[in-house]
1. Report, in deg cm²/dmol and to the nearest 500, the calculated mean residue ellipticity at 222 nm for the chain, where each DSSP H run with n ≥ 4 adds -39500 (n - 2.57) and the sum is divided by the residue count.
2. Dipole size in debye (nearest 20) for the chain around its Cα centre, Lys and Arg Cβ +1, Asp and Glu Cβ -1?
3. Out of all DSSP beta bridges with both ends in the stretch 192-273, state the antiparallel percent to the nearest 5.
4. Could you pull out which residues in the stretch 116-131 have an amide N less than 13 Å from a spot 7 Å beyond the Cα of ILE84, following the Cα-Cβ vector?
5. By how many nm would the segment from ASN344 to HIS367 lengthen if fully extended, with 0.36 nm per residue of separation less the alpha-carbon distance?
6. Per q in 0.07, 0.08, 0.11 Å⁻¹, report the Debye log10 I(q)/I(0) for the chain, using one uniform scatterer on each alpha carbon and no solvent.
7. Top to bottom by accessible area (1.4 Å), largest first, where do SER580, SER565, SER594 land?
8. Please list, in order along the stretch 547-559, the HN-Hα scalar couplings obtained from phi with the Karplus expression 6.51 cos²θ - 1.76 cosθ + 1.60 (θ = phi - 60°), rounded to whole Hz, x for Gly and Pro.
Amino acid sequence: MKKTGHFPVHTLAVGWLLLFHLPANGMPGENSLNILPIPENLTMRTGRMAIDKDFDVVIRCHNTTIIEEAVTRFLGRLQKRTGIPLASKVATNPEDAEFEIHCMGNEDKVQSIRTDESYALEITEERARLSASSPVGVLRGLETFLQLTDIDTQSFFVPSVKIEDHPRFNWRGLLIDVSRHFEPVEIIKRNLDAMAAVKMNVLHWHLSDDQGFRVESKVFPGLHQLGSDGKYYLQSEVHEIVAYAHNRGIRIVPEFDMPGHSTSWLVSYPELAAAPGPYNIERQWGVFEPCMDPSKEEVYRFLDAFIGEMAALFPDEYFHIGGDEVNPKQWNESSRIRKYKERNNLAENHELQVYFNQRLLGILAKHGKKMIGWDEILQPKLPESIIVQSWRGQASLARGARQGYRGILSYGYYLDHMRPASFHYAMDPLGNEAADLSDDEKTRILGGEACMWAEFVNPENIESRIWPRTAAIAERLWSPAATNDIESLYRRLEYIDGELISLGLRHRTLYHENIQRLAGTMDVRPLMVFAELLQPPSLGIRKRAQTYFSHTPLNRLVDVIIPESKSAREFSNLVDRRLSHSSQGPASEKIRESLRLWMANNAPLQPILDRSYLLKEVQPLAALVAELCKCGLEALNYLDSRQIPPQSWQEEAAALLTHAEEPHAEIYIAILPPIKKLVEQTTITLQ
Ligand code: ACM
């Protein structure tokens, strides 16, 4: 990976976002830029280049297919944004072109972790120049240019800047589980567009699990015919997606989870299993017993032929074999496997899994592939060429690095845990446990992946679970470690959200459609106001609440509401502002206004809930939210008037808060934590 040059005296490296100033000419300062992820080095200059009907582009590159296509998309997006006809503005007079793109390197046939993504972008009042040593660097720079595009009363423009940028980590991925719920091709493509917009470079495609096998296999057609309920990708569609991703500088790493999480394979091929079967596609969520039998030679013959077929379909050098959560029950109960372990001196089941992985390594190598797998594959005896994906913690990632293994972090990046963007943003692959690794060991940590497990997502809500939160993870993995201004992050997430919508992402559209569906023919606004106060819980809470099947509809309010609402976050910030002062201030009035509005919302909300079968279950929740708002108002009144609340009020408030902490209709109240702070403060300050 090439590090771009050194920087002029005015460069504000790394911490530039923390410097707040407006240049004397009134041009926007760095802190008002909408770039996400933030570049490694950015220097603001005075002046700007206008984008008008004369804007055109010249491409000076060796091998330009991927760049020409990217420039066409770039011009289309710029035209969509500005309304200026630009879509075919490749310069007729190259010497005068306003935007010059330079790239001396050739296109990698298959991109890899070694692909150079660095670029430099220099914009003066007259022209802009983007240079990169690889076409993928050009793609990254084009995204930055688009994010710099701004408008004021005079014109569209890009500010004069000098940017030299390159990613902190080379592996910046998103896992999409299409086994638990299938996602059609257009959704995968939309996610690839969004990933490219925030400079992510790996789509980890979780293609098989207990609940579904999702790729057409010509060698073993039973896999998709009996393992998918007819929901799988044709090989032609896989080719199409691999090419689509390649054109956006994104690698596709396929995962076929084995030896556990493999029920869907066994429906047609029970002979691979450690117990006779028969097997059916798993319809529930969890860790199940069916498991491949590592003691059978026919399993390796099957995997050799299968991996051979898939290796040709997926050109990436890495092949993900899963390896997580092996349930040992079938292995323990098989006399054949017990004898095999004895004969081969394999005392423990994990040694049997190491043996299985060693055989897999040989098969992968034969087909030109390297192994990546989950934490559980990390055992001595496996070569250092493997990559370990850590879902169990930063400590296990660091331990692997100390032992010589390369790894990526997914712990802390599970999108199905429904944590806020700020939570994921704080999770650094080189933070905490990895802090005392040697420099050499640190280079083994290649990056990370956001994970969208699909027990509770389907085509209607997957985009709203992935975006825009994943953009925060994209920035954590690209930008310098010192980039950690939360306010700036949220401001830029809002901008990027708009950009994603412009790209065709449907997270907002589907949210509105779904809320309207729930409201039926009634005025949807009270339900929108209510939904903004709520938050879906993590996977575990939902699984404990009731028995779910893969065919259970995901059409309730809990499936629609988004993981992080702006209203709730802003309310929480207001409460923090109020509590950082000892007396009433402007924040108090705003808090009061919000709480009154939400209480008053309950009356028009009720008829909507009454008329909907799907919304009946949230009636108690609506009443609880109204009560909670009332309690928050009372707490604020006590605080502002510096009165001690009576004991009976304190007791009632405490009971209400405890009750509100539980999920209702599997939903959490997003404004509960700030209201709880207000209530608790009444007794703390007044003691
Ligand atoms: C995992 O969450 N079992 C990788």
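The values are calculated or read from the model by the stated rules, or taken from the named source; none is laboratory data. Everything numeric in this text was worked out from a predicted model, so none of it was measured. Using ideal geometry, Cβ is built from the backbone for each residue, glycine included, and neighbour counts are taken over all protein chains shown. With ligands, DNA and RNA removed, areas are computed over all heavy atoms of the protein, side chains included. Shrake-Rupley method; radii C 1.70, N 1.55, O 1.52, S 1.80 Å.
1. Per the formula, -12500 deg cm²/dmol.
2. The calculation lands at about 340 debye.
3. Once the DSSP bridges in the stretch 192-273 are tallied, antiparallel ones form about 20 percent.
4. Flagged as within label range: 126-128.
5. Full-extension gain reported as 5.6 nm.
6. -0.54, -0.70, -1.22
7. Ranking SER580, SER565, SER594 by accessible area, largest first, yields SER580, SER594, SER565.
8. Running phi through 6.51 cos²θ - 1.76 cosθ + 1.60 with θ = phi - 60° gives 7, 9, 10, 5, 9, 4, x, 9, 10, 9, 4, 4, 7 Hz.
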